[in-house]
Amino acid sequence: MIDGNTFVEIAGILGLATLIGIIGQKLRQPLIIMFLAAGVLAGPSGLGIIRSHQEIELLAHIGIALLLFIVGLKLDLHLIRTTGPVALATGLGQIVFTSIIGFVIAVALDMSYLTAAYVSVALTFSSTIIIVKLLSDKKEIDSLYGRIAIGFLIVQDIAAILALVGLTTLGSSAEGQGSAYVSTVTIVAKGIGLLGFVALMMKYVLPQLTRRLAHSLELLTLFAVAWAVFLGAGSDVLGFSKEVGAFLAGISLASTDYRDSIGARLTSLRDFLLLFFFIDLGARLDWSTVGAQVGTSLIFSVFVLIGNPLIVLVIMGLMGYRRRTGFLAGLTVAQISEFSLIVAALGLSIGHITNETVGLITLVGVVTIFISTYMILHSGWLYQFLSGPLKVFERRDPYREAAIDTLKETASVDVILVGLGNYGSAIAAYLLGRNKSMLGIDFDPGVLDKWRERGLSVLYGDMADPEIHEHVPLNHARWVISTVRSREMNLALVHKVKKEGYDCKVALTAANEEEAHEFKRAGAHLVFRPFTDAAEQAADALTYAMDFLPENIDWPISFLDVRVKSDAAVAGQTIRAIPLRPATGVSILAVSRGGQVHYDPEPDFRIFPGDRLLIMGPPDGIKDAERVLNQLEVGKDTEDGDRFEIAEIRIATDSKLSGKTPADLRFRQEYGVTVVGIRRGDEQITMIDPQEPLLAGDRLIVIGRTEVIGNLRNREPL
């Protein structure tokens, strides 16, 4: 039934992947491993569901193109300058040492020189696709080690492309199709042409084009996908890999103003399409040739899982990086990649190696991808376990990471702020506005650069690293605040402060109420709940708009609800001391505080931070009032069970009010409403003088609570 029906086949694959994914989730296993398992199960070695290899491979290639496109999209040219040298040195060093040591091991296992060369080359390449996916899932792709790892993985990809070109050239030469010299010159010329084309598009075409397409986010997203696939296809046609072209497409749009919007829109599509890459990779594993290679494959697997990280660790340690950065970056090369399988397949087609060698490389790939995934996902625990022995790989002065820090002395600070993401940066900005001295800590070098330019003392590091605690002046701070959404790290921070007996207080950020209670039990002095607070404010705004704001009528006045900031000039003053009415013609009708609304507050009513003021006046006066109130932040609040209404009340021809002024009548005290205007024939009086006499036939525009307005209407005319 499935044969010949690609749609039914893909439906079956997706269903199987979902089922395997659910099982993996229950067992707390990485989805990448589960998707590889789904591919193996769906492939010829399992249920044999997969028949449309070309269609699945096409979807996989598009997913890979989008993955590398998004990586290029987030690339910062400044970081290329700062991390480029270490990425180049580490990438090339790892390739050289891995290939040499791998070659020696292969020869020692009685392989021929040619076979040993293919095996050693296959061991040098790590999977950029898998690593980028894992780092993205861990939200560590922007960390220092993540950026360095992406850098040397790209160096590896370029080396892999050159190796494939070299092997292709070698095969062509063996068949008499041309010289290696001509092929080399041709590929170099093509590479220069591709780079030149991208550079011209970046400078002259893409900025204007994206600006025009930005009017429709859907069209901009479609263009981004088309551009990534187009350059990927062009790169493939020129003899390079699709990954290189897609990566260049991302770099070409990285300098535009729309890269964040594009990246956010493509992330879900990328994850869906990458599913087909892992399934395709699992389905193509040929298990018929691996039986006799188990012992040999384990030797090479141990070398890749342990030897490759050690090589990176040594190189980065010599270059002045801390051992934790080198260790975490080293774990990203603890597997071989899809390029390794391509190299093996090409060697088989040329006749250089046998099916048994291909099976050996395949088995090493499966073992290393499987184990390294767990190593990367649990890298924090693994580092803590190995931290002591790894000291030998760290220089006494890890000067490259120390150069990121601007904390040169242990001066006292008001706040140590851990995490300078969106929430942390907002807190930092407000604290700096209150003249608080601060130290900011983050593992994203780009974020630290921005805050360093604003004069903030910064320290590179991840508080999940126990070693960073030695560099943080916890004994010289009044407060330490963590905005990082990591339960384990936050609990470790509280325990560290309590264990060492530091005087500083601790504020943590909780993702939910359960976590908040746990932090309080652990000893946190203050717990932030950004999601709960935001939801509460949203509900307040909606309920206020529904139940509290008065209905509109045809009258030239406006209403605005403003929240008093804690640092506003009016905070702590009485209404009498706030020059609103004489300066702007605006009145304060109500004050909301602590869930209760105080209507018609007296002149001696004191305004406190966090109060919400309902102000009323002419539109221009409302704008002036905001300036008088020191640019109060617009907000909303609620009051259940009552509302304001605005109404016209007519003064009768024989009314006792005729000829008297509002001041004489004490109108607000007597009737419980505020007179906001007078309609006298065709005349509209919006700025009422308290000494202005009321005349028979006047229509008073009044505002007050619904119940009071109703009583006045029942008495109309007055």
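The values are calculated or read from the model by the stated rules, or taken from the named source; none is laboratory data. Since the model is a prediction, treat every value here as computed from it, not as a measurement. Note that we place each Cβ from the backbone using ideal geometry, even for glycine, and neighbour counts take in every protein chain shown.
Some notes on this structure:
- Annotation: GLY48 fulfils all but one of (1) part of a loop (DSSP other than H, G, I, E, B); (2) at negative phi; the unmet one is (2).
- Here the range 466-483 is the region considered, the condition is being within 25 Å of the chain's Cα centre (by Cα) and farther than 15 Å from VAL506 by Cβ, and the residue that is modelled with the highest pLDDT is ILE468.
- Counted residues, the range 228-248 - those being aromatic (Phe, Trp, Tyr) and either touching an Asp or Glu at 6+ places or on another chain (Cβ under 9 Å) or modelled with pLDDT of 80 or more (or both): 2
Listed here are the residues, each with its yes/no results for (1) among the basic types (Lys, Arg); (2) more than 25 Å from the chain's Cα centre (by Cα); (3) modelled with pLDDT of 80 or more.
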residue: LEU31; (1), (2), (3): no, no, no
residue: ILE49; (1), (2), (3): no, yes, yes
residue: ALA60; (1), (2), (3): no, no, yes
residue: GLY63; (1), (2), (3): no, no, yes
residue: ILE70; (1), (2), (3): no, no, yes
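- Taking the criterion of being in contact (Cβ under 8 Å) with a residue 12 or more places away in the chain, surrounded by 19 or more Cβ atoms within 10 Å (Cβ to Cβ) and either on the phi > 0 side of the Ramachandran plot or within 60 Å of the chain's Cα centre (by Cα) (or both), the residues of the range 646-681 that qualify are ILE646, ALA647, ILE649, PRO662, TYR671, VAL673, THR674, VAL675, VAL676, GLY677, ILE678.
- When the range 216-237 is filtered for residues that are free of Cβ contacts under 8 Å to residues at least 12 places away in the same chain and of a type in the set (A, V, I, L, M, F, W, C), the ones remaining, listed by number, are LEU219, LEU222, ALA226, VAL237.
This table checks each residue for (1) surrounded by 15 or more Cβ atoms within 10 Å (Cβ to Cβ); (2) assigned by TED's automatic domain parsing to the domain that holds GLU648; (3) of a type in the set (Asp, Glu); (4) at pLDDT 80 or above.
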| position | (1), (2), (3), (4) |
| --- | --- |
| ILE557 | yes, no, no, no |
| SER587 | yes, no, no, yes |
| GLY595 | no, no, no, no |
| PRO603 | no, no, no, yes |
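- Test: residue in the range 571-583 that is over 24 Å from ILE685 (Cα atoms), modelled with pLDDT of 75 or more, buried (at least 17 other Cβ atoms within 10 Å of the Cβ) and under 39 Å from the mean Cα position of the chain (by Cα): yes
- Any hit, the range 238-257, residues being more than 23 Å from the chain's Cα centre (by Cα), assigned to a helix (DSSP H, G or I), within 20 Å of HIS61 (Cβ to Cβ) and of a type in the set (Ser, Thr, Tyr): no
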